[in-house]
Structure formats: structure tokens, C-alpha cells
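As C-alpha cells, the structure follows; a few thoughts come after it.
What follows is calculated from the coordinates using simple rules that are stated; it is not laboratory data. If you're wondering where the values come from, they're calculated on a predicted model, not measured in any experiment.
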Amino acid sequence: MEATATVSPPRWYWIVSAIALLWMLFGVVALVMDLSMGEAALEGMSEAERQIYTGRPTWLLIAYAVAIFSGLGGVIGLLMRRSWAIPLLAVSLIAAIIQFGYVLFGMGALEVLGAAATLPFPIVILAIGTALLWLALHARRCGWIT
């Protein structure tokens with residue numbers, strides 16, 4: 001088996017990876033807050049928002065958790081310079097696409113709440129997920145992860 005030499009990543013790689021770790025940790029916090037939302041918070045929502053929130057199937061919450069925790073694992077893989085970051089970040093992105101796709105189109109959030117209220121957040125999340133997957137693939141091509 002032939003050993004491959006790794007190249008030290010540039011400083012920006014470490015900065016982006018550290019920011020991505022913070023981003024994923026914020027995601028964990030958001031998931032915990034979402035799962036522990038109380039009645040008072042529900043009462044602060046519009047009727048349409050409340051119906052969408054309470055109507056989410058369990059599998060959707062599982063997809064949410066998979067997106068967050070596989071993304072967290074993928075970012076940890078980037079920081080550890082391991083190529084297993086790639087499949088974890090891919091799983092994270094796919095789970096996020098499934099999650100947002102179902103909420104927007106399957107549950108009708110786009111139609112009920114409108115594009116301005118529903119699209120910005122998923123677009124940002126999916127753009128960041130795509131960028132992180134690109135970073136992992138680029139890092140492998142450059143020899144920064146093995």
C-alpha cells in the first residue's frame with residue numbers, strides 16, 4: 001500500500017473550518033431549542049406557523065438531527081484532516097435538502113407563509129452546506145485531508 005504525503009492546509013482553511021464548527025454548534029443549539037419549545041413560544045407564532053411546526057412528522061425531525069450531527073462530524077473531520085469528512089458533509093447536505101424540501105413543498109410552507117418568509121434561511125443553510133462539501137472535496141484534491 002502506497003503512503004501519500006499530506007500538505008499543510010493554508011491558514012484560511014483552519015479559519016473557515018473553525019467558523020464552520022461554530023456554525024454547526026449553533027445548529028445543535030437550534031435543534032435542542034426547537035425540540036424543547038414550550039407552549040409560550042408556540043403562542044407567539046401565527047396560526048399558519050404553529051400548524052406547520054406542530055404538523056412536522058417524526059421522520060422530519062430525524063432528518064433535521066441527521067443534517068446537524070453529520071455536519072458537525074464532517075466539520076470535526078475537516079479539523080482533524082480526515083477524508084471521512086466528505087461523506088458526512090454529503091449526508092448532512094442531503095438531509096437538509098430533504099428536510100427543507102418537505103417543509104417548503106410537502107407541508108406547503110412556501111405557499112402558506114410566502115417566499116420572503118420561508119426561502120432565505122433554507123437558501124443560506126444549503127449554500128453553507130454546499131460550500132462545506134466543496135471545501136472537503138477541494139481539501140482532498142489538495143492533499144490537506146487524507
Using alpha carbon centers only, region 77-146 is separated from region 1-66 by a whole-angstrom value of 10 Å
Relative to the chain, whose Cα atoms define the longest principal axis, helix 11-35 and its Cα axis are tilted in degrees, nearest 10, by 30 degrees
So the angle from the long Cα axis of helix 120-142 to the longest Cα principal axis of the chain, reported in degrees to the nearest 10, equals 10 degrees
Note on region 1-97: contact order normalised by length, alpha-carbon pairs under 8 Å, 6 or more apart, percent, works out to 30 percent
Cα extents of region 63-139 along the principal axes, largest first, in whole Å, come to 43, 19, 13
With -39,500 (n - 2.57) per DSSP H segment of 4 or more residues and division by the full residue count of the chain, the 222 nm estimate, nearest 500 deg cm²/dmol, is -24000 deg cm²/dmol
Share (percent) of C-alpha pair distances in region 8-118 greater than 25 Å works out to 32 percent
Between the Cα axis of helix 58-80 and the main Cα principal axis of the chain, the angle (0 to 90°, nearest 10) is 20 degrees
